[in-house]
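Here the structure comes first, spelled out in structure tokens, and everything after it is commentary.
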2 protein chains.
Amino acid sequence: MKGRVTLPSEAGFLEETKEMMERWGADALRDSDGTKLPEEIKALDATIYTTYFVARGHNEFAKEHMEECQQLYLMSRRVTAGKQTVQIPFMEGYFTQQVVPDYVHDCKRWWEVMDRTTGEAVDADSWDVDQTRHVVTVKGAVPFHEYTVSFLVYAVWDPTQMYNHITNDWGDKPHEIPFDVRQPASGQYSKEYLVQWLKDNPRTDVVRFTTFFYHFTLVFNDRAKEKFVDWFGYGATVSVKALEEFEKEYGYRLRPEDIVDNGYYNSTFRVPSVRYLDYMDFIQRFVAEKARELVEIVHGAGREAMMFLGDNWIGTEPYGKYFPEIGLDAVVGSVGGGATLRLISDIPGVKYTEGRFLPYFFPDTFYEGNDPCKEAMENWIGARRALMRKPVDRIGYGGYLSLAYKFPRFVDYIGQVTDEFRRIYDNIAGSRPYCGLKVAVLNCWGQLRAWQAFMVAHALWYKQTYSYFGMLEALSGAGVDVMFLSFDDIKRDGIPADIDVIINAGAAGTAFSGGERWLEEELVTAIRRFVYNGGGFVGIGEPAAVHFGGRYFQLADVLGVDKELGFSLSTDKYFTKEVPCHFLKEDRREAFDFGESVKNIYALSEDTEIVEYSDGEIHVSAHGYGKGRGVYLAGLPYSYENTRLLIRSLYYSAGREGEMKRWYADNPMCEVHAYPETGKYAVVNNSMEAQKTAVYDGAGNAREVSLEKSEILWENI
Amino acid sequence: MKGRVTLPSEAGFLEETKEMMERWGADALRDSDGTKLPEEIKALDATIYTTYFVARGHNEFAKEHMEECQQLYLMSRRVTAGKQTVQIPFMEGYFTQQVVPDYVHDCKRWWEVMDRTTGEAVDADSWDVDQTRHVVTVKGAVPFHEYTVSFLVYAVWDPTQMYNHITNDWGDKPHEIPFDVRQPASGQYSKEYLVQWLKDNPRTDVVRFTTFFYHFTLVFNDRAKEKFVDWFGYGATVSVKALEEFEKEYGYRLRPEDIVDNGYYNSTFRVPSVRYLDYMDFIQRFVAEKARELVEIVHGAGREAMMFLGDNWIGTEPYGKYFPEIGLDAVVGSVGGGATLRLISDIPGVKYTEGRFLPYFFPDTFYEGNDPCKEAMENWIGARRALMRKPVDRIGYGGYLSLAYKFPRFVDYIGQVTDEFRRIYDNIAGSRPYCGLKVAVLNCWGQLRAWQAFMVAHALWYKQTYSYFGMLEALSGAGVDVMFLSFDDIKRDGIPADIDVIINAGAAGTAFSGGERWLEEELVTAIRRFVYNGGGFVGIGEPAAVHFGGRYFQLADVLGVDKELGFSLSTDKYFTKEVPCHFLKEDRREAFDFGESVKNIYALSEDTEIVEYSDGEIHVSAHGYGKGRGVYLAGLPYSYENTRLLIRSLYYSAGREGEMKRWYADNPMCEVHAYPETGKYAVVNNSMEAQKTAVYDGAGNAREVSLEKSEILWENI
């Protein structure tokens, strides 16, 4: 078996590259961070990917055009006014090698001093900027109010290169300066350079854009450490030119505060304002248009254009409205698990997708005494569930191939992985797997942030998010059809007729739970009607939570539970008894694990089926509402047991629990994926131990199956 | 030793009563629930208390005046509109033996149908009442909106008698009907009857009002069980007459929703609205005026008037503005622990206070095989700390003396207790104990609810409150001066100059934390200024919490910590390292216990002293702010260790930690109370085991002291 695999290579590694291509069945070669492909390697019988930077790595140009550097709005630290005059050293805490204040444009026009105690902007006549000391002095301040300055900076160091530079101690290697293609010279240069580059790199088959124009927000502090990171952040898209063009187009002016947003910088956890959504749309259209120009140049040269999903990807959202207009051939992204795999493999409108698997062939993993197989197995087994639902078209690796080569067990293991991948891919053959239900994940972002909810930095664990992200990870490999729905989708088009279950999950007030959006009666009634007519609603954590009208969960009537905030302590809560047997916990073997969980959930009436009650509160419950049901879960960190709990919640909420055991494995360590169009089905052991399980075929007939550790058993239907 | 002790007695128990009076040094006798004092007992050499009911227990009158029954506004359950017509059986879930709908007054004028999905009232033309079926039919309803009816009822059964009646299975004993002294006949009757009663009860020395006019809100459900209980609730003060008089006086009309309040019925946990505060004031003035008339009648007959703090006590708030006008001689109340003891003993403007201690001499405790000493000891030791600070003037017991008499060990123990009480009382001799600091507990209610914060039903434990109530319990016996301050106090008069530390504690949004009151910049700046100038601020749980301006804790700058709500996950949180040694945990022996605790607290900068960090979050921290400090505690369930933690927090926040060890015991099980005016001090062992401790005198000199279990060692200064 051969193909669908991309390897990194490097200079002086020709014979071994050939050998590794053979052993892993690779048909493409790439350069990587710190490596370049020599001509002899480019001459091999392989598709050649070459990394291409649009808006950095051209310092000879950038240094001539420092006025075209990228910009950001930053917020100073808060300074409390002791007296009526307050001095704000606004650059304090920032990394002066990364950002420098923009004194080119009129500070009075483009900056803002905020009284954070009142939330009001301070009149521009009341403050002045000392450009030598980088201090704003506010006069007539109110003692004991807190003040901040929102100020424009130029970014003079690309964040990814900065991170690598500092982490790897690259010394005096030049800092790559990010320039803004919205500016005249940069826009022109970015195209002309590409034309020439394509001429200079005739062996390149695939231009791997890393990426386009604007890096996600990544700001360092004065100790050269990360201060702020938002994988979705539009921070670096800002410029005076952009703001002026925005005003012209939209007929209103954005304030610094629209971008700075109290220092939250419009994190995806914020319920987005209409102004910020306008701004995102404005940037996305610009980025799509400019990126298309580059892609067309690539195509004109007879090459393919591939985008790396990360780094300078802002504005290219692959699930956004404008993404198809870019005309990319492919997207490649890093795979952290099932959800990030689906984030790549579900991307519509490209010829192929590629997942870069872990570990990266870097010395942090590939050192003597360490077994890189462990990370590889975890990564592969974690992502494989999702591959079974919707495979990426290719897999690949990054780093120094020469490093990996020194670990023969690893080389063997990846050989098995690549074969297994190709077998999966061939057996699925582009067909749609059997889906027992269609599930919509509902939040402020919907499709735009498909598989990306609850993410801060790409695929990183956060205490405040893992109890929700587990839901996405569980869904990524589950036998259900998954879509992402926004509140605005529902308001505009209603709830799609083919949806069986809606999930709303997250912490109160966030864009994922929905915050004040739940005060909109059209939303609340749409979901009540949907459930009443037989749909399912699964709420995780603090679903539909905003305190109004005597309720915290605005869908408490559907869920049958609410959260006690203290205001209704006077009302007796009699309903505390667990249902001893319940569909939701039928095959639970281990103790429940709700992760961070949620406190003080209580049942509204005896109609609520309490599935788990401990420590004086409910953590799992169900409740009939018309023909449908609401199911409440206090949290869902990822595990196979919790995946099963979610699946059961979905079927139960939709009132279709009788249909769950089709293409189903009783053992929660195992899953069944069926492909009716190709007449195949697979029984998968997700665990690293041998397992036995009853396997149900599509008609609900069971048979006992034994599986080796992590085995996939392929059968004909 | 003799005196300051009140016993219950009963018929047929004359000789034993004499014996018990002797053994416990009692000088007063009382009747009790279910007992009456016969003439022979009333003739003993003792002050005779007689329970007196003003507004119930006169059914012969009440039945003739059913139109003068007390009233309440109740909210129906929520009914979801399926179609455009929705029927609301509003009495569903209520106990028809307790309340009946008021069809006497115009429903269209006095009732309200609420659309709870929009928060708006439905036009009175759109609904009708079926008075036979007790159903409101709403026409033109919006499908999938929830509707409720706020309706007036007559109360036809006094809640306390109802509770006793049902609990003790009193069968066909008549239901006592509560009438409203605001009504003409009832107002007249209540006075005339008292005049006659005083004539009929010449042996009564003290008329023990139980209580005056309006019972705290206590509503039962259709299964004759408690449905709603609020010890502070004004539910039963409502009537059409009251509402009309309110409108005349205040110039605006209260809506049913002003009383019903989303079904929360203005629980003390709610940040009170101005309209509700107006209403409370209106009722308090009325109650004070009417109660004074009765007290004057009592005084006119040469007797004393004592009020029981509970049951029909609404409007008599002993810390309220109008309480002194009533002219009571005494207040008696039930003692659940230190805070409820102080609630009684701190009452200003009466000649004496009395605490009724536990256990009540009832069969639920006094049965064969049970040891009632256990409850008595817990109650006594718990309340004794508070007595050492501010004693009640008398203690007493209730129930059947004949029951207690059968438990000789109990009789012995109470003999010791009464002696110990008298010794404490005599040694303190009305003097002010040494207070190292003056502490203000700040919330929406201030002095009006002194020692009553976080209470739902009197002295009952609630999962959602014990982590805050522990602060009050700790303070009740602590060597500091305690006052209660409201936000309005600060806005009106500023922060009193003699206050050293302000405590704000509670769950976000509640009246105790303060909710949206913290958006008022005068409050925030007043406290910042206070701390900046050297004051202390101790925040417990979710202090000053309301999400605004990029902060959840509006005093995050003072505390040095805030709570992560999800919006600022993109900001790196580097400050996670505990200070290894810190004043706040110097003598901590046991693991910290924060009760329900609070999640996701993080430090704003390295200036925050992290005293306890676990599970990725801070639970104890301190932070300098000007000359003062903020201290954060994630919760403070009551314990001796936590009392010490609080004391340390108070001294540390005020920057006076050097002064803590005056009149101080190192062992947290022990406390020292000094009375400079009388030249005495006491070393108290609060535990049931022998203890050794270093004891510091007022000059800071230490000596080692050994104490028997629960011993008090009295010394001269």
Item to complete: Answer yes or no as to whether residue B:531 is of a type in the set (A, V, I, L, M), farther than 18 Å from residue B:634 by Cβ and either assigned to a strand (DSSP E or B) or open to solvent by less than 10 Å² (accessible area, probe 1.4 Å) (or both).
Response: yes
Fill in: Count of residues meeting criterion [in a loop (DSSP other than H, G, I, E, B) and crowded, with 20+ Cβ neighbours inside 10 Å] in segment A:305-319
8
Worksheet item: Taking segment A:434-449, which residues are farther than 26 Å from residue A:317 by Cα and crowded, with 21+ Cβ neighbours inside 10 Å?
Response: A:436, A:437
Fill in: Sole exception among (1) among the small types (Gly, Ala, Ser); (2) at pLDDT 95 or above; (3) touching a helix residue (DSSP H, G or I) at 6+ places or on another chain (Cβ under 8 Å) for residue A:82, by number
(2)
Practice prompt. Scan segment A:221-240 residue by residue and report those that are more than 18 Å from residue A:449 (Cβ to Cβ) and in a strand (DSSP E or B).
Written response: A:221, A:226, A:227, A:228
Worksheet item: Restricted to segment A:12-35, and to residues that are under 29 Å from the mean Cα position of the chain (by Cα) and hydroxyl-bearing (Ser, Thr, Tyr), which residue is nearest to residue A:355 (Cα to Cα)?
Response: A:32
Worksheet item: Among all residue pairs at least 6 apart or on different chains, which show Cβ distances below 7 Å where the first residue, located in segment B:287-301, is within 19 Å of residue B:318 (Cβ to Cβ) and open to solvent by less than 70 Å² (accessible area, probe 1.4 Å) and the second is in a helix (DSSP H, G or I) and of a type in the set (Asp, Glu)?
Response: B:288/B:325
Worksheet item: Among the listed residues B:148, B:132, which satisfies the condition of being among the polar types (S, T, N, Q) and crowded, with 21+ Cβ neighbours inside 10 Å?
Response: B:148
Fill in: Counted residues, segment A:351-369 - those being open to solvent by less than 30 Å² (accessible area, probe 1.4 Å) and part of a loop (DSSP other than H, G, I, E, B)
4
Worksheet item: Right, residue B:259: within 14 Å of chain A (Cβ to nearest Cβ) and in a helix (DSSP H, G or I) or not?
Response: yes
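I'd like to know if segment B:414-437 contains one or more residues that are under 14 Å from the mean Cα position of the chain (by Cα) and hydrophobic (A, V, I, L, M, F, W, C).
Keep residues of segment B:414-437 that are under 14 Å from the mean Cα position of the chain (by Cα), which gives none.
No: segment B:414-437 contains no residue that is under 14 Å from the mean Cα position of the chain (by Cα) and hydrophobic (A, V, I, L, M, F, W, C).
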Practice prompt. Filter segment B:40-62 for residues that are touching a strand residue (DSSP E or B) at 6+ places or on another chain (Cβ under 9 Å), in a helix (DSSP H, G or I) and within 23 Å of residue B:182 (Cβ to Cβ) and give the result.
Written response: B:61, B:62
Fill in: Hits in segment A:507-524 (condition: under 23 Å from residue B:567 (Cβ atoms), among the aliphatic types (A, V, I, L, M) and within 10 Å of chain B (Cβ to nearest Cβ))
A:507, A:508, A:511, A:519
Worksheet item: So which residues in segment B:564-601 are more than 8 Å from chain A (Cβ to nearest Cβ), under 31 Å from the mean Cα position of the chain (by Cα) and open to solvent by 40 Å² or more (accessible area, probe 1.4 Å)?
Response: B:588, B:590, B:591, B:592, B:593
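Every residue, every condition in (1) in a helix (DSSP H, G or I); (2) out of contact with any Phe, Trp or Tyr (no Cβ under 8 Å at 6 or more places or on another chain), yes or no:
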residue: B:388; (1), (2): yes, yes
residue: B:391; (1), (2): no, no
residue: B:404; (1), (2): yes, no
residue: B:430; (1), (2): no, yes
Discussion item. Given the condition more than 29 Å from residue A:209 (Cβ to Cβ), crowded, with 23+ Cβ neighbours inside 10 Å and of a type outside the set (Gly, Ala, Ser), answer yes or no: does some residue in segment A:231-247 qualify?
Written reply: no
Worksheet item: Just checking, how many residues over segment B:178-220 are within 22 Å of residue B:317 (Cα to Cα), of a type in the set (Lys, Arg) and surrounded by fewer than 20 Cβ atoms within 10 Å (Cβ to Cβ)?
Response: 1
Worksheet item: Residues in segment A:549-560: is at least one over 20 Å from residue A:512 (Cα atoms), away from chain B (no Cβ under 13 Å) and open to solvent by less than 10 Å² (accessible area, probe 1.4 Å)?
Response: no
Response to the item:
Only unsatisfied item for residue A:409, checking (1) under 26 Å from the mean Cα position of the chain (by Cα); (2) part of a helix (DSSP H, G or I), is (1)
Response to the item:
Residue pairs qualifying under the 6 Å Cβ cut-off, at least six apart or on distinct chains, with the first in segment A:525-545 being over 17 Å from residue B:146 (Cα atoms) and away from chain B (no Cβ under 13 Å) and the second being open to solvent by less than 20 Å² (accessible area, probe 1.4 Å) and part of a loop (DSSP other than H, G, I, E, B), are A:536/A:654; A:540/A:636
Discussion item. Just to be sure I understand, how many residues within segment A:110-128 are more than 12 Å from chain B (Cβ to nearest Cβ) and either part of a loop (DSSP other than H, G, I, E, B) or open to solvent by less than 10 Å² (accessible area, probe 1.4 Å) (or both)?
Written reply: 5
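Inside segment B:224-246, can you point out the residues that are more than 17 Å from residue B:160 (Cα to Cα) and either within 14 Å of another protein chain (Cβ to nearest Cβ) or of a type in the set (S, T, N, Q) (or both)?
Listed by number, the list holds a single entry, B:239.
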Worksheet item: From the residues in segment B:461-506 that are in a loop (DSSP other than H, G, I, E, B) and without any contact (Cβ under 8 Å) to a residue 24 or more places away in the chain, which one is farthest from the other protein chains (Cβ to nearest Cβ)?
Response: B:497
Worksheet item: Among the residues of segment A:83-97, how many are surrounded by 14 or more Cβ atoms within 10 Å (Cβ to Cβ) and farther than 30 Å from residue A:190 by Cβ?
Response: 6
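Residue-by-condition table, conditions (1) outside any helix (DSSP H, G or I); (2) free of Cβ contacts under 8 Å to residues at least 40 places away in the same chain; (3) hydrophobic (A, V, I, L, M, F, W, C):
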residue: A:219; (1), (2), (3): yes, no, yes
residue: A:242; (1), (2), (3): no, no, yes
residue: A:254; (1), (2), (3): yes, yes, yes
residue: A:266; (1), (2), (3): yes, yes, no
residue: A:282; (1), (2), (3): no, no, yes
Fill in: Every residue from segment B:63-88 that is of a type in the set (S, T, N, Q) and either outside any strand (DSSP E or B) or within 14 Å of chain A (Cβ to nearest Cβ) (or both)
B:70, B:76, B:80, B:84, B:85
Discussion item. One residue is enough: does segment B:98-106 have a residue meeting the conditions of a type in the set (Ser, Thr, Tyr) and open to solvent by less than 50 Å² (accessible area, probe 1.4 Å)?
Written reply: no
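The values are calculated or read from the model by the stated rules, or taken from the named source; none is laboratory data. All of these numbers come straight from a predicted model, not from anything done at the bench. Heads up, the Cβs are rebuilt from the backbone with ideal geometry, glycines too, and the neighbour counts pull from every protein chain shown. Accessible surface areas use protein heavy atoms only, side chains included; no ligands, DNA or RNA. Shrake-Rupley method; radii C 1.70, N 1.55, O 1.52, S 1.80 Å.
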